[in-house]
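Notes for the one structure printed next.
The values are calculated or read from the model by the stated rules, or taken from the named source; none is laboratory data. Everything numeric in this text was worked out from a predicted model, so none of it was measured. Reconstructed Cβ throughout: ideal geometry from the backbone, glycine too, with neighbour counts over all protein chains shown. Just the protein is used for accessible areas: all its heavy atoms, side chains included, with ligands, DNA and RNA removed. Shrake-Rupley method; radii C 1.70, N 1.55, O 1.52, S 1.80 Å.
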Amino acid sequence: MSEASRFRQEVSLRTFLGRLIGASILPVLLLALWLAYDSVRTDRAQQDREAGQLARNIASAIDEHLEIRMRGLNMLAISPLLDDRARWADLYAEAQGFRKSFDSHVILADVGEPMRMLFNTRVPFGDPLPLLPRPKGHAAAPTAVVTLKPAVGDSFIGPVASEPLVAIAVPALREGRPAFILVTTLETRQFQTRLDQFVLPEGWAISLLDGRGDVIAHRAPPGFDPAREMDPAGRFVVSSAVSPWSVTLEIPRRLQRAQTLATGIVLGLGLLAATLAGMLLG
C-alpha cells in the first residue's frame, strides 16, 4: 500500500471517529440544553409563585386589620346604649375606648338621606357636626345600609380630620332593619405604616389600591416608574376578601431579566465546559 493510500485511510478513520464522538455527545448535549431551559423556566416560575404568595399574605394581613375593626365596631352597634338617646353620652365614652384600642375614630350617624353625624370621637360630645361625607366610588355607610352587612369604602378627605381617610361602616340593626350606622375612620398613613413593615426583595414595589384604583399606600424603590419599567408578567394583583381594595406587587423588568440571565449564564458555562471536556476526552 502506498504512502498516499495509507494517509487517506488514516484521515478517513479520524473523520469517522470524530463524527462518531460528535454523534455520541449530541443526544447528551440536546438533553442538557433542554434541562438548562427547563431550569431557567422553573426558576422564573418559582419567583412568580413567591411573588404571588407574598401579595396574598399582604392582602390577608390588610383584611385582618379591617376585620378586627369590623368586629369591634359591631360591639357598639349591638349595644343597648344605642337604643336610649339619653345614654348616648355613655355610648360616646365606649366609642372613645374603641378609639384608644384600635387607633381609629368612631362616628354614629343616622340612616336617612343625607346621613347626619350624631357624634364623632374627633370632637367633644354634643358639638355641631357636618353631614357624613360620601366619597366617590365605593362609600362604606350607604353600602352597609343597603346590604345590611359591614362595608369598607374608598379613600376620601375627611371634613373634620382634613386628611385622607378610609371608612368602615357597620349597620346597627333593629328588628332586621338599619336603625343607625356606626362608622370608624382610619388615616391612610396607618396602612402606609403596615406596608413598611413587610420584608420585600430589593427592587420590588407594593401598592394598596382602593376600589377606584387610587393609591392608599405605596412602597417602591427610589425612581420607580411602573409605566417604563413594568411588564404585565411582572405584576401580581390580589383582591381583598372584605373590601373593594386590592394589593398589587410589581417586579421591574430588569430584575426579572437579570435573574433569568444569571441562571442562564451559569448553566450555559457549565454546559459549554462539559461539552468541551467530552469532545477533548473523546
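In the set LEU118, LEU148, only one residue is more than 21 Å from SER240 (Cβ to Cβ) and touching a strand residue (DSSP E or B) at 6+ places or on another chain (Cβ under 9 Å); that residue is LEU118.
So that you can scan it fast, the table gives a plain yes or no per residue for (1) of a type in the set (S, T, N, Q); (2) modelled with pLDDT of 95 or more:
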{"residue": "VAL152", "(1), (2)": "no, yes"}
{"residue": "GLY176", "(1), (2)": "no, no"}
{"residue": "LEU182", "(1), (2)": "no, yes"}
{"residue": "THR185", "(1), (2)": "yes, no"}
{"residue": "THR188", "(1), (2)": "yes, no"}
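What are the residue pairs meeting all of these: first residue in region 196-210, first residue free of Cβ contacts under 8 Å to residues at least 40 places away in the same chain, second residue part of a loop (DSSP other than H, G, I, E, B) and surrounded by 15 or more Cβ atoms within 10 Å (Cβ to Cβ), Cβ atoms under 7 Å, and 6 or more apart or on different chains? If the second residue must be part of a loop (DSSP other than H, G, I, E, B) and surrounded by 15 or more Cβ atoms within 10 Å (Cβ to Cβ), the pairs left are LEU209/TRP245.
Check whether at least one residue in region 50-63 is more than 30 Å from PHE125 (Cα to Cα), surrounded by 15 or more Cβ atoms within 10 Å (Cβ to Cβ) and at pLDDT below 90, and report yes or no. Looking through region 50-63, at least one residue is more than 30 Å from PHE125 (Cα to Cα), surrounded by 15 or more Cβ atoms within 10 Å (Cβ to Cβ) and at pLDDT below 90.
Taking the options PRO201, PRO142, PRO222, PRO226, name whichever one is at pLDDT below 95 and within 27 Å of GLN96 (Cα to Cα). Spell out the reasoning first.
Values: PRO201 fails: within 27 Å of GLN96 (Cα to Cα); PRO222 fails: within 27 Å of GLN96 (Cα to Cα); PRO226 fails: within 27 Å of GLN96 (Cα to Cα).
Only one candidate qualifies: PRO142.
For region 64-73, the candidate set comprises residues that are charged (D, E, K, R) and surrounded by fewer than 18 Cβ atoms within 10 Å (Cβ to Cβ); within that set, the residue that is nearest to GLY234 (Cα to Cα) is GLU64. Out of curiosity, is LYS149 farther than 24 Å from PRO80 by Cβ and of a type in the set (Lys, Arg)? Judged against the criteria, LYS149 is not a match.
For region 182-207, residues that are open to solvent by less than 30 Å² (accessible area, probe 1.4 Å), under 12 Å from GLU250 (Cα atoms) and either charged (D, E, K, R) or not in a loop (DSSP other than H, G, I, E, B) (or both) total 3.
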